[in-house]
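Asker: Take a look at this one; I'll ask things after.
What follows is calculated from the coordinates using simple rules that are stated; it is not laboratory data. In this text the structure is predicted, and so the values were computed from the model without any measurement. Note: ideal-geometry Cβ built from the backbone for every residue, glycine included; neighbour counts use all protein chains shown.
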Amino acid sequence: MPSATASRKGKQTAKDTRFFARVSSGDKRLIEKAAAVTGQSVGAFVIAQAREAATRLVDDHHVIRLNKVESRRLVKVLLTPTRPPTTAMKKAMEEYRKSVISDVNPDSPTYLRSVALW
């Protein structure tokens, strides 16, 4: 299980955190071999690979990829005018406005107090 601990006190460098991970002996041999192939130390190799994988994962999490059909469907929906709200929807919006306390909702009891403060 990975854990992070602070490095020695008083040492002011860009690398100020230590990272430990327990791995199987097979994984360790594989990582050492991969590091040797790339000409890096094990630590440099692990950090580089972890950084690359983490960056890719975070970037992929923020990107929506659509195929041709999905893309056309999305554009069609976005360009289609909205329908007017149904009676049930109007009733639901009214009930919501009555039940939610909000400083930005003119129908809310706290609205006038927040406006009065300005």
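Asker: For SER25 and LEU66, FRET efficiency with R0 = 41 Å and r from the beta-carbon atoms, rounded to 0.05?
Answerer: After rounding to 0.05, the efficiency reads 0.40.
Asker: Also: Between ALA36 and ASP16, what FRET efficiency follows from the Cβ-Cβ distance if R0 is 30 Å, with the result rounded to 0.05?
Answerer: So, using R0 = 30 Å, E works out to roughly 0.60.
Asker: Separation between the ARG73 and ALA88 pseudo-spin-labels, each 7 Å from Cα along Cα→Cβ, expressed in nm?
Answerer: Here the modelled spin labels are 2.3 nm apart.
Asker: Now for a separate question. What FRET efficiency do you get for GLU95 and LEU57 if R0 is 35 Å and r is their Cβ-Cβ distance, rounded to the nearest 0.05?
Answerer: 0.25
Asker: Still on this model: For region 9-102, which trypsin sites (Lys or Arg not before Pro) are both in a DSSP coil and crowded by at most 11 other Cβ atoms within 10 Å?
Answerer: LYS9, LYS11, LYS15, ARG22, ARG65
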